[in-house]
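Below is one structure, written out as structure tokens; comments come after it.
Values in this text are rule-based calculations from the coordinates and carry no lab data. The model shown is predicted, which means the values in this text are computed figures rather than measured ones. Cβ atoms come from the backbone with ideal geometry, glycine included; neighbour counts cover every protein chain shown.
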Amino acid sequence: MSLLEVRDLTVTYPGGAAAVRGVGLTVEAGEKLGLAGESGCGKSTLALALLRLLPAGARVGGEILLDGEDVLTMKWGRVRAVRWAGASIVFQGAMHSLNAVHRVGDQIAEPILLHRGATPADARRRAGELLEQVGLPAARARAYPHELSGGQRQRVMIAMALACEPRLVVADEPTTALDVMIQAQILRLIENLVGEQDVGLMMISHDLAVLADTCDRLAVMYAGRVVEEGPAREVYDDARHPYGRALSGAFPRIGDPGSRFAPRGLPGDPPDPAAVPSGCAFHPRCPVALDVCATEDQVLRDAGPRRRAACVHVGTDATGTPDGNGSGGTASARDDGVRSRTP
Amino acid sequence: MTGTTPTPPPGTPPRATPDASPGTPLDGTPDAPPGGMPGPGPGLPPGAGRGPSSAAESPLLSVEGLHVAFPGRRGGADARAVDGVDLDIRRGEIVALVGESGCGKTTLARSLLGLVRPVRGRVTFDGAPLAHSARALKAYRRRAQLVLQDPSGSLNPRHTVYDIVAEGLRIHGRPGDERTAVAEALSRAGLRPPERFFLRYPHELSGGQRQRVVIAGALVLRPELLVADEPVASLDASVRGEILALLLRLRTELGLAALVVTHDLGLAWNIADRVAVMYLGRIVETGAVEQVLTAPRHPYTRALLSVLPEAPGDPVVLTGEPPDPSNIPTGCRFHARCQVLADGTAERAGVADACRSREPAVLHGGGESQVACHWALAAPREVSPAGPAPR
């Protein structure tokens with residue numbers, strides 16, 4: 001049984017914005033899954049849905065199985081028990097996620113008091129240990145959030161997420177707005193903690209390069225769907241979906257003469273979740289779209305060992321042998337198509 | 001509109017002449033501009049379409065010995081945000097200024113536009129020293145424009161795209177047909193057909209389109225220099241490439257020079273001719289992008305490159321946060337975090353004492369590749385135990 005299994009999750013906000021439109025994902029214990037996508041693709045909504053943190057009025061469908069138990073049908077008391085102890089979230093923007101008028105040590109101790117029934121002294125001691133685990137002196141427990149730097153605040157957030165020893169940690173843009181050096185420190189920290197404690201990690205980011213470097217598997221979201229999935233390195237280096245390919249091409253490889261004076265992007269803008277295009281949602285921006293893409297929805301299909309992609313070009317001419325020569329030929333043709341459209 | 005504020009910054013020191021004509025040096029010393037500077041430049045230099053002009057030509061913008069400090073709080077020491085910087089930008093050249101937050105890169109960019117008054121040093125634009133009187137600054141800002149990081153924050157939500165772009169023209173009272181100028185700026189910035197955008201409001205546009213409006217507003221005055229502070233940091237990855245391509249195209253088509261301030265080394269690789277790496281108020285390494293980013297010499301540049309996801313070899317993760325500009329270490333300002341000093345490599349090269357006690361010289365502003373590091377200057381270039389090897 002997987003640690004986390006999301007089946008056909010849909011989330012629609014009041015007003016009709018279909019933020020998540022049928023997502024299936026699994027995270028095993030000890031596995032690091034990266035969820036990549038741009039603003040508005042539904043990745044943060046997905047994270048909130050995992051612990052039923054969405055605002056009232058959002059309609060949620062599908063199943064979210066955490067250790068086999070469906071979070072969406074749990075009683076509220078059970079949901080509260082699962083939060084922090086079963087799964088915890090490191091939110092983006094540590095600036096706003098910490099309470100400005102409480103000392104950080106007390107904020108870390110709060111879930112320990114509530115979930116573990118610990119004595120205040122024990123909880124304080126544990127908060128100090130957690131701070132040291134994330135590389136801050138235990139004495140910093142007495143600091144207020146504004147006395148800490150951005151990187152230190154993010155460390156506090158991570159300490160909080162680990163406070164009740166959850167099985168699953170969801171990190172939503174944990175390093176956005178941090179400098180490269182601090183980002184490297186935080187990523188290393190998350191990697192070590194996950195490795196030591198055998199928890200599952202779902203890391204959400206717009207930065208495909210960082211995810212490819214940190215995670216085992218990678219899922220790329222576009223307009224509320226996963227459009228590509230597979231081993232992280234393979235997806236980054238050789239995406240099968242034209243969007244995955246464009247996104248990975250948007251991160252320049254320093255030293256690569258091909259990207260010198262040749263920034264790559266994708267014409268057009270990410271779609272509005274309230275007005276998702278018909279057919280394949282990516283077709284208006286797709287450099288290799290066919291007529292059929294405008295009308296026919298494209299679902300995830302096998303695209304090689306342990307890989308899936310939701311594109312009409314995947315598996316068409318190489319049914320059964322998606323990794324064979326036929327598919328290789330299509331991949332390079334698609335490559336040319338993408339390049340010719342980008343500046 | 002960005003960069004067109006006609007008022008000088010508050011806190012004008014009394015010694016400044018109230019009506020400083022263009023020609024009054026920043027620091028009040030009456031020395032003439034360095035010899036060999038031509039007068040107000042002709043339009044575009046030949047060869048502006050392809051890369052920067054030759055080194056022999058005088059730079060469009062030149063910064064010498066610039067110091068900017070902010071008063072310390074509660075009587076503390078001043079924060080020396082920019083602590084001795086020389087930097088030249090030639091016509092048609094794109095220079096990337098990279099560094100971590102708090103290194104002073106934004107303060108340097110702002111002082112180039114006269115938004116911050118330096119304590120010492122001078123900024124020379126097209127041969128004439130930058131003056132800080134309202135009139136001189138207004139005239140200057142017709143030729144040098146600022147593009148800010150967050151397009152949502154730098155656009156007035158109650159103005160239409162047309163008014164936003166036309167504001168610069170109105171402030172400067174440019175002759176000619178306003179409508180044509182606005183339409184041209186919008187289409188140059190990639191918003192086509194421009195008429196379709198005239199009556200739109202910022203909230204109706206996507207992030208990428210908003211940044212294009214900001215750029216159009218800067219372009220409408222036909223500036224010679226664009227100072228862009230993190231121009232794509234708030235944009236999605238797929239849109240980012242399009243905006244960077246636009247900046248490159250403007251250089252090719254209009255011969256526009258640009259200083260791009262960023263923390264993103266990949267961006268420098270994408271569009272810049274030259275890169276200057278800033279640490280704690282100083283430029284510590286500068287040179288051609290290919291040189292600095294593929295064969296970095298300063299330990300700090302090496303560390304920055306080594307932690308990028310793509311980097312080969314072991315990452316050099318510096319501990320701690322960037323230090324405090326109000327308490328700059330003696331000797332080399334990087335020595336307390338320097339991995340080359342920490343692992344004894346500098347000791348073996350016989351420069352460890354110099355690192356702790358002697359400050360490396362300020363780098364020249366010109367194009368040649370330079371590094372402010374005792375160890376890098378002493379060691380043969382091939383020995384590189386502490387950084388990514390050239391790729």
- request: Check cross-link reach from B:Lys138 to the lysines: straight Cα distance under 30 Å, and skip same-chain residues fewer than eight apart.
  value: B:Lys105
field: Backbone HN-Hα couplings from phi across the stretch B:207-216 [Karplus 6.51/-1.76/1.60, Hz, Gly and Pro as x]
entry: x, x, 5, 4, 5, 5, 5, 4, 5, 4
task: Could you go through the stretch B:258-269 in sequence order and give the Karplus-derived ³J(HN,Hα) for each residue, using 6.51 cos²θ - 1.76 cosθ + 1.60 with θ = phi - 60°, rounded to whole Hz, and x for Gly and Pro?
output: 9, 10, 10, 8, 7, 9, 9, 5, x, 4, 4, 5
- prompt: Hey, what number do you get for the protein assembly as shown at 222 nm if only DSSP H runs of n ≥ 4 count, each worth -39500 (n - 2.57), divided across all residues, to the nearest 500?
  reply: -9000 deg cm²/dmol
message: Rounded, prolate or oblate, given the Cα gyration tensor of the stretch A:81-205, with a/c below 1.5 counting as rounded?
response: oblate
statement: Any residue on another chain or 5+ positions along whose placed amide H is under 5 Å from the amide H of B:Met278 is listed here as B:Val98, B:Gly99, B:Val284
All lysines inside 17 Å of A:Lys32 as judged from Cα atoms, apart from same-chain residues fewer than 8 positions distant: A:Lys43
Backbone HN-Hα couplings from phi across the stretch A:279-288 [Karplus 6.51/-1.76/1.60, Hz, Gly and Pro as x]: x, 6, 5, 8, 4, x, 9, 7, x, 10
message: Need the full-extension length gain, A:Glu165 to A:Ser2, defined as separation in residues times 0.36 nm minus the C-alpha distance. One decimal, nm.
response: 56.9 nm
task: Name the shape class, rounded, prolate or oblate, that the alpha-carbon gyration tensor gives for the stretch B:86-239, where a ≥ b ≥ c are the square roots of its eigenvalues, rounded holds for a/c under 1.5, and otherwise prolate holds if a/b is larger than b/c and oblate otherwise.
output: oblate
field: Residues in the stretch A:154-193 reached by a label modelled at B:Asp150 [backbone nitrogen below 20 Å; 7 Å Cα→Cβ]
entry: A:154, A:173-180
- request: Within a 10 angstrom radius of each residue's Cβ in B:304-313, how many Cβ atoms of other chains show up on average? Whole number is fine.
  value: 6
Dipole axis of the protein assembly as shown (+1 Lys, Arg; -1 Asp, Glu on Cβ), positive-most option in A:Ser39, B:Pro329, B:Val317: B:Pro329
task: Apply the Kirkwood formula to the stretch A:142-205: the hydrodynamic radius equals the inverse of the mean of 1/r over all pairs of different alpha-carbon atoms; give it in Å with one decimal.
output: 12.3
task: Jot down the per residue volume, in cubic angstrom and as a whole number, of the convex hull over the alpha-carbon atoms of the stretch A:97-158.
output: 76
- prompt: Taking a spot 7 Å from the Cα of A:Asn99 along the direction of its beta carbon, which residues of the stretch A:112-141 have an amide N less than 13 Å from it?
  reply: A:112-114
task: Order these peptides, B:146-152, A:1-7, by their mean beta-carbon neighbour count within 10 angstrom, highest first.
output: B:146-152, A:1-7
task: Would you mind classifying the stretch B:292-346 by shape? Square roots of the alpha carbon gyration tensor eigenvalues, ordered a ≥ b ≥ c; an a/c under 1.5 is rounded, otherwise it is prolate if a/b is larger than b/c and oblate if not.
output: prolate
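Could you check what % of the DSSP bridge pairs in the protein assembly as shown are antiparallel, to the nearest 5?
For the protein assembly as shown, the DSSP antiparallel bridge percentage is about 55.
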- request: Take every residue in peptide A:265-272, count the Cβ atoms of other chains within 10 Å of its Cβ, and give the average of those counts.
  value: 6
- line: Averaged over the residues of B:225-236, the number of partner chain Cβ atoms within 10 Å of each residue's own Cβ comes to 2
message: Could you sort the peptides B:258-269, A:120-131, B:116-127, B:190-201 by per-residue average Cβ neighbour count (10 Å cutoff), highest mean leading?
response: B:258-269, B:116-127, A:120-131, B:190-201
